[in-house]
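Asker: Please see the structure below; I have some questions.
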Amino acid sequence: MATLVAAPTALCDATQGDARSPRWGAVYAMALCSFVLVASEFLPVSLLSPIADTLRLTEGQAGQTIAISGLFAVVTSLSFSVLLGRVDRRNVVLALIAMLIVSGAMVAFAPSYLVFMTGRALLGVAIGGFWSMSAAIAIRLVPEESVGKALAIISGGTALATALAAPLGSFLGSLIGWRGAFFCVVPVAIAALVWQAAALPKLPVAERQSARAMLGLLRSKAVLLGLFAIAMLFVGQFALFTYLRPFLEQVTHVSVVMLSLMLLIVGTSGFVGTVVIGRFVVERLFLTLWVLPAAMAVVAVGLALFGGSTIATALLLAIWGFAGTAAPVGWWTWLARTLPEDAEAGGGLMVAVVQLAITLGATVGGVVYDTAGAVPEFLSSAALLGVAAIAALVVARHDRNAAAG
């Protein structure tokens with residue numbers, strides 16, 4: 001998923017990290033959690049075809065396994081803090097990791113589509129809950145001057161999962177089957193649970209979070225424009241990315257080994273994009289916001305036209321991985337600049353919008369893939385990404401006019 005870090009929730013200062021007791025062990029445990037969550041969310045991308053064969057589904061139906069986790073993540077991210085009240089966030093994190101373990105086991109041994117989707121729904125709850133609290137917890141674990149480093153470490157787990165999940169899933173699936181590949185997540189999640197139980201301190205909550213703050217932001221034209229641009233970016237991205245494996249198999253006609261290599265190219269270039277993009281968003285934020293989705297739209301068209309060439313496809317996927325992983329970083333920077341006083345509420349909205357967009361992208365992409373085929377589906381992704389680029393230009397113009405006025 002793209003790299004998502006939610007804004008802090010209102011937490012009690014009683015156990016906030018200070019210079020005497022930084023909890024770096026807990027920070028690295030959080031990074032492991034983010035790795036497992038993101039890897040679990042996107043494993044179906046590289047295993048879509050064998051899942052469909054085993055459970056007797058179409059590729060589009062199998063793609064809904066990503067949609068269902070995204071849908072439950074949306075609901076969770078919007079309601080989690082309000083519903084939990086003042087429950088100690090340490091206990092919540094441990095419960096979410098335990099839910100991830102149950103989800104992984106259910107998916108790996110699912111005898112039917114219903115059980116498989118139920119397991120993916122539990123994963124969605126874990127994803128939405130974890131990201132809605134991750135940054136707030138990181139702030140509690142280390143001194144103020146080290147918060148940036150702590151967040152970078154947690155985000156590093158996400159970037160690493162983005163780079164490795166798809167190619168590893170494809171490789172493991174060829175060796176031990178898709179069920180074995182999914183089950184490999186379970187022992188890693190158990191390790192994360194044990195580590196968090198040992199390293200994470202108590203995290204009491206000072207006050208309940210109100211839903212009014214989120215709803216109030218929707219009255220802002222700038223926020224609505226930005227959220228629309230973000231939504232179009234992720235809908236377009238996951239309309240293509242979800243169905244990348246069947247495209248490579250049916251259009252590019254790659255072998256299993258080459259498939260893993262292609263997915264590794266996407267992941268590696270994405271990791272590079274996450275590292276490099278920080279140099280541009282500070283001084284050229286708005287240029288970054290529209291150029292990246294525009295580049296992704298061009299890549300989608302290129303794949304539709306030249307997807308039969310292995311070399312051309314590999315080069316295009318390298319660009320796709322770089323732009324697709326770097327783009328969310330730009331939008332998080334925009335959020336921090338646009339809503340410096342309301343980053344908490346804005347962050348919750350953004351997490352919900354991103355997860356909803358992932359759900360819509362996988363759903364719409366699956367319908368188009370099943371009814372029209374791979375090439376039209378990729379062209380529809382290009383159209384959505386083009387809309388995202390235009391929307392980003394509108395956001396830039398609105399913000400410049402607001403600053404000038």
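Asker: Would you pull out the residues with amide H under 5 Å of VAL142's amide H, same chain only if 5 or more places away, H placed 1.01 Å from N?
Answerer: Under 5 Å from the amide H of VAL142 lie the amide H atoms of GLY17, ARG23, each far enough along the sequence or on another chain.
Asker: What dipole magnitude, in Debye to the nearest 20, does the range 47-126 give about its Cα centre under +1 on Lys/Arg Cβ and -1 on Asp/Glu Cβ?
Answerer: 280
Asker: From the phi of every residue in the range 220-233, what ³J(HN,Hα) in whole Hz does the Karplus formula 6.51 cos²θ - 1.76 cosθ + 1.60 yield, where θ is phi - 60° and glycine or proline is x?
Answerer: Going residue by residue, I get 8, 5, 4, 5, 4, 5, x, 5, 5, 4, 4, 4, 5, 4 Hz, with x marking Gly and Pro.
Asker: Give me the percent relative contact order of the chain, please, defined on Cα pairs under 8 angstrom at least 6 residues apart.
Answerer: RCO, the chain: 29 percent.
Asker: Shifting gears a bit: Build a GNM of the chain with springs between Cα atoms under 10 Å: which of VAL92, VAL125, VAL276 gets the top mean-square fluctuation?
Answerer: So, out of VAL92, VAL125, VAL276, the one fluctuating most is VAL276.
Asker: If packing is taken as the average number of other Cβ atoms within 10 Å across a peptide's residues, how do 188-199, 167-178, 65-76, 377-388 rank, most packed first?
Answerer: 65-76, 377-388, 167-178, 188-199
Asker: How large is the translational diffusion coefficient of the range 227-378 in µm² per second when you combine the Kirkwood radius over alpha carbon pairs with Stokes-Einstein at 10 °C and 1.306 mPa s?
Answerer: My calculation gives 99 µm²/s for D.
Asker: Also, quick follow-up: Could you state the principal axis extents of the C-alpha atoms in the range 44-202, from the largest down, to the nearest angstrom?
Answerer: Result, largest extent first: 51, 31, 24 Å.
Asker: OK, next. Based solely on its DSSP helices, what 222 nm [θ] is calculated for the chain when runs of n ≥ 4 H residues each add -39,500 (n - 2.57) and the sum is averaged over all residues, nearest 500 deg cm²/dmol?
Answerer: -28000 deg cm²/dmol
Asker: Take the range 186-305, compute every pairwise Cα distance, and split them into 5 Å bins from 0; I just need the percent in each bin.
Answerer: Reading upward from the zero bin: 2, 7, 10, 13, 13, 13, 15, 14, 8, 4, 1, 0.
Asker: Of PRO187, LEU164, PHE378, whose Cα points farthest to the positive end of the dipole of the chain (charges on the beta-carbon: +1 Lys, Arg; -1 Asp, Glu; origin at the Cα centre)?
Answerer: It is PRO187.
Asker: On the protein heavy atoms, probe 1.4 angstrom, tell me the percent of accessible surface of the chain carried by carbon and sulfur.
Answerer: 69
The values are calculated or read from the model by the stated rules, or taken from the named source; none is laboratory data. Quick caveat, the model's predicted, so the values are computed rather than measured. Note that each Cβ is placed from the backbone with ideal geometry, even for glycine, and that neighbours are counted across all protein chains shown. For accessibility, only protein heavy atoms count, side chains too; no ligands or nucleic acids. Shrake-Rupley method; radii C 1.70, N 1.55, O 1.52, S 1.80 Å.
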